[in-house]
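First up is the structure itself, then whatever we jot down about it.
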Amino acid sequence: MAGATSATGFHSEAANRWQLRAGLRRAVRPAELLGVLGLALVLGFWWLMTLVISRTALPLPQDVFARIADDFGGAPELALYGVGQNGLLSSMIYTGENVLVSVAIGATIGTVTGLASARFRLAREIIDPIVLTAGTIPILVAAPFFLIWFGVARISALLLVILYVSTILYIFAQRAADNLDPVYEDAARTLGATPRRVIRDLLVPGTVPEILGGIRIALGGAWGLEAIAELLGLPDGIGKIIQVLSQQTDAEGIMAAIVFLGAVAVLFDALTAVAFRWLTRWSATWA
Amino acid sequence: MTKRRSVGIVVLVAMAGAWELVSRIYTGEAAPGEPMVPGWEVVFTRTLRSLSDYWGGGLGVVAVSEGGKRTYEGALLAIGANSLDTIARLFAGLGLGGVGGTLLGLAVSWSRWTRFLVQLPGHVVRTFPLLAMIPLFQLWFGISFVGMMLFVAYGAGVIFFVGTINAVKNVPPIFIDYARVLGASRLRLYRTVILPAIFPELRSTILLSLGLGWTLVLGAEYLGAQTGLGQIIVYSEQFAYVDRMFLVALVFVLYASLSYALFDRLSRRLVQWVPRGGP
Amino acid sequence: MIRIENVTRTFRRAGGGTVHALVDVSVEISEGEFVCIVGPSGHGKTTLLQLVAGLLPPTSGKIVVDGVPVTGPGPDRGVVFQRDSVFPWMRVIDNVEYGLRCRGVPKERRRAISRSYLEAVGLDGLERSWPRELSGGMLKRVAVATVFATGAKVLLLDEPFGPLDYVTRHQLHDVLLNLWQATETERARTILFVTHDVDEALTLSDRILVVKQGRLVDDMRSTLPRPRTTDSLVVPEALRHKHVLLSHLGLEAPGPSGAVATGAGA
């Protein structure tokens, strides 16, 4: 009897940890597999709404897609305002570059400091309060300051997104390292692993699922943050296009830009998901 | 716990000191007479008084635009009034989005039908970059309380939707089986087993949505509100009044921190039963 | 040889106050012995094992293994934990090789060693599997193969088979005894095996230490012939030991045969 109860306790403990990841993954998988169907439902709802809302406020789906195609390589009505001379694509490249560069930098900073804080007391005592204090500041508060201090330029958006991403990854990496069952480290130590090995063979692979989950979340938020930095005054990017068009209350154009941005964000999310699967193929949950 | 708090205070003081130090060393100006990094003394005297510009008059304090003087009373009234606007937009949105998102999230596990109706559109909608959609909400609902509230509700709803789905999936099946064996109806199962069981995890969802909510309401106010703390910040930015931006941002951050602390204290009581202090 | 000299270990309780997990324990274990540590839960068995493993330092006293004082985990001692410690992110073969990799054994050689141990525990053909694909019993086999593969002379097992079912547990007893008796090394392996299961202790050990309330209260030697069968456990000697153990665990009143009859000390 004692054996039986400890057996269930034992399994549920391990299972719980993986379940969290499973939850994340399962919540996402249908969106990828059946995304087409979901998209159709959303489009249907959208189309229904156009029957009751005026076209100027809510254009037809097909008009929005046509607009994306029209403005893709060049948009004369935008060029008039000095943006998007080369169309949605060139602005999207600007936005995408900013997002990917700053997510890469921010994720590196956050992960390294987060893992370090989980292992070195001193690092934790110094960094934790800073991040926790900074973490309570809604990131967007910093945007106008960056725009004034560093100018309405790329660097401001980069810094904003880096700050955001590194804070998230710090917390995710630290939590992942804290949650790693200490039995693994005990086992590694009794097998003769040096501290460096413990980091390389345990800490890094054992925390990869959560860190990747953090990167996905951060990436998702980064698109919006980058867009609003552009809305607030950057010279280029999808956000800039949205800003110009919203001054002319061009609903069709705004929706075209947002749908395009959304599609790119979904694409990158799916790419991250694929990387996620491959790197965590050992994980118990999606067997 | 107390040690952690004292370390936090030390860090805050250090950050404030660093700010003052930078303001003394770096005296660059964003515009003539407007320092890039305003020192504390300026912030709490001249800057604070200048906020009375945003008081529309009343309660015995004449608006600056109508020839009134810049006073501390006016400034405090201005901060209070704009804070109320911001906070009302935030919490109305959070409440609406929280309830809506949770219900939709629960619907995913309720039955096959509701899952089919809700899950896929929900996941498609949630992948859209939120902050980029502010202009769209403005277009649809105007620059109004309702527009901003709905925008916050939309963002919070997405978080609650995903958070609820994950939390329900993480409810150990044994609890559900146990309740079923005891004869619980579906409604009773949700009320007595699933809701309490997902609450600890929803706690982090609520905290997350609170953080996002502050960001969303700020974003909405940045892009063209007539009142609110965010509006003052972005308006000041256009005139390079860094000191005003800074002071209002401080107030804003203070509210955000208070809201986290308050929620933490309230919810801690509700999750006392969770082993090892909860998530 | 393991020498435990006047070892005491206390823990600080979260709410203040101290817990004496082990009090002044002294014992010598000779090379090649299979020693079981038996006692009620929470009475210090696991602590004793962790002290020998070097995962915990003693509050006072010292532990010497082969003339070298224990100051931390070392290559001379391997541990099989109660919970699953097989790394889920490494394939089975990489898990078994891990200790050898830490010792800098060249790839070819460690592959060969790991393969032979995987075969010995009956998992040949599963080298490339992920741990999630294995059952609880198989995971224990991997853990056993891993510590044996390192070549450690002292093996510490902390209720390793506790969560397993009856059949699996008995299969693993055979696996463990076969590996222990295999003479591929010039020196025999010493095993310290913590269990709360009296029959398990009687089946496996040469010697049984009873730890109760942090103290070593009994030290019994078993001369039952090996291999042991179901019948071995009903011979008078085994039954006498069993009664003594059960009375230590509070399941029987001390009978006429007497708990003190075997006495402490070697």
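Once R0 is set to 45 Å, what does the formula 1/(1 + (r/R0)^6) return for the Cβ-Cβ distance between B:LEU76 and A:ALA263, expressed as a FRET efficiency to the nearest 0.05? If you can, show how the numbers build up before the last one.
Details: r = 47 Å, r/R0 = 1.05.
Here the calculated transfer efficiency is 0.40.
For chain B, take the longest principal axis of its alpha carbons; what is the angle in degrees between that and the long axis of helix B:2-25, to the nearest 10 within 0 to 90?
Around 30 degrees separate the two axes.
Count charges around B:LEU48 for me, please; just the other residues with Cβ under 12 Å from its Cβ, Lys/Arg as +1, Asp/Glu as -1. Display every interim value, and only then the final one.
On the way: positive: B:ARG46, B:ARG49, B:ARG70, B:ARG244; negative: B:GLU41, B:ASP53, B:GLU73, B:ASP243.
Overall, the nearby charge balance is 0.
What are the extents of the Cα atoms of the protein assembly as shown along their three principal axes, in Å, largest first?
Cα extents, longest axis first: 105, 58, 58 Å.
Tell me, rounded to the nearest percent, the portion of alpha carbon pairs in the range B:106-174 spaced more than 14 Å apart. Could you put the intermediate results ahead of the total?
Values: 1522 of 2346 pairs.
Roughly 65 percent, rounded to a whole number.
Which three lengths, in whole Å and largest first, does the range B:193-257 cover when its Cα atoms are put on their principal axes?
Reported extents, whole Å, longest axis first: 55, 21, 13.
Once label points are set 7 Å from the Cα along Cα→Cβ at both B:VAL62 and C:LYS107, what is their separation, rounded to one decimal in nm?
A separation of 8.7 nm, rounded to one decimal place.
What is the sum of charges, Lys and Arg at +1 and Asp and Glu at -1, for the other residues whose Cβ falls under 10 Å from the Cβ of C:THR46?
Values: positive: C:LYS45; negative: C:ASP158, C:GLU159.
Spelling it out: positives minus negatives among the neighbours equals -1.
If R₀ is 35 angstrom, what is the calculated FRET efficiency for the pair B:LEU182 and A:ARG121, using the beta carbon separation as r and rounding to 0.05? Numbers along the way, then the final one.
Numbers: r = 47 Å, r/R0 = 1.35.
Efficiency, from the Cβ-Cβ distance: 0.15.
Using a Förster distance of 51 Å, how high is the FRET efficiency between B:TRP113 and C:ASP94, based on the Cβ-Cβ distance and rounded to 0.05?
0.65
Just want to confirm a number: the relative contact order over the range B:79-270, from Cα pairs under 8 angstrom separated by 6+ residues, in percent. Let's see the in-between values first.
Working: 206 pairs, mean separation 52.5, N = 192.
About 27 percent, as a whole number.
Which value results for Rg/Rh of chain C when Rg is the Cα radius of gyration and Rh the Kirkwood radius based on the inverse mean 1/r? Display every interim value, and only then the final one.
On the way: Rg = 18.6 Å, Rh = 19.2 Å.
Result: Rg/Rh = 0.97.
Using a Gaussian network model on chain B with a 10 Å cutoff between Cα atoms, which of B:PRO121, B:PRO38, B:PRO200 fluctuates the most?
Residue with maximal mean-square fluctuation among B:PRO121, B:PRO38, B:PRO200: B:PRO121.
Add -39500 (n - 2.57) for each DSSP H run of 4 or more in the protein assembly as shown, then divide by its residues: what number comes out at 222 nm, to the nearest 500 deg cm²/dmol?
Working: 29 runs with 498 residues, N = 832.
Dividing the helical sum by the residues of the protein assembly as shown leaves -20000 deg cm²/dmol.
Report, by chain and number, residues whose modeled amide H sits under 5 Å from the one on C:VAL80, excluding near sequence neighbours (fewer than 5 apart, same chain).
It is C:LEU156, C:LEU157, C:ASP158, by chain and number.
Tell me the net charge near A:ARG154. Cut-off is 15 Å between Cβ atoms, A:ARG154 excluded, with +1 for each Lys or Arg and -1 for each Asp or Glu.
On the way: positive: A:LYS240; negative: A:GLU97, A:GLU226, A:GLU230, A:ASP236.
Charge balance in the 15 Å sphere: -3.
Binned at 5 Å from 0, what are the whole-percent values of the Cα-Cα distance distribution for the range C:36-128, short to long?
2, 11, 17, 18, 16, 15, 13, 6, 2, 0
Mind checking A:220-227 for the average number of partner chain beta-carbons within 10 Å of each residue's beta-carbon?
On the way: counts 5, 5, 1, 6, 11, 6, 3, 8.
The shielding value for this peptide is 6.
May I ask you to derive the relative contact order of chain C, considering only C-alpha pairs under 8 Å and at least 6 residues apart, and to give it as an integer percent? Please list the in-between numbers first.
On the way: 493 pairs, mean separation 62.3, N = 266.
Rounded, it is 23 percent for chain C.
Hey, what's the Cα Rg ratio for the range B:79-270 versus the globular rule of thumb, 2.2 N^0.38 Å?
Details: Rg = 19.1 Å, N = 192, 2.2 N^0.38 = 16.2 Å.
The range B:79-270 yields a ratio of 1.18.
Which angle from 0 to 90°, rounded to the nearest 10, does the C-alpha axis of helix C:107-120 make with the longest principal axis of chain C?
Compared with the principal axis, the helix lies near 50 degrees.
Mind pulling the angle between the C-alpha long axis of helix C:92-102 and the longest principal axis of chain C? Nearest 10 degrees, somewhere in 0 to 90.
So the inclination is approximately 80 degrees.
Just so you know, all these numbers are worked out from the coordinates, no wet-lab data involved. These figures come from a predicted structure and were not determined experimentally. No Cβ is skipped: glycine too gets one built from the backbone with ideal geometry, and neighbour counts run over all protein chains shown.
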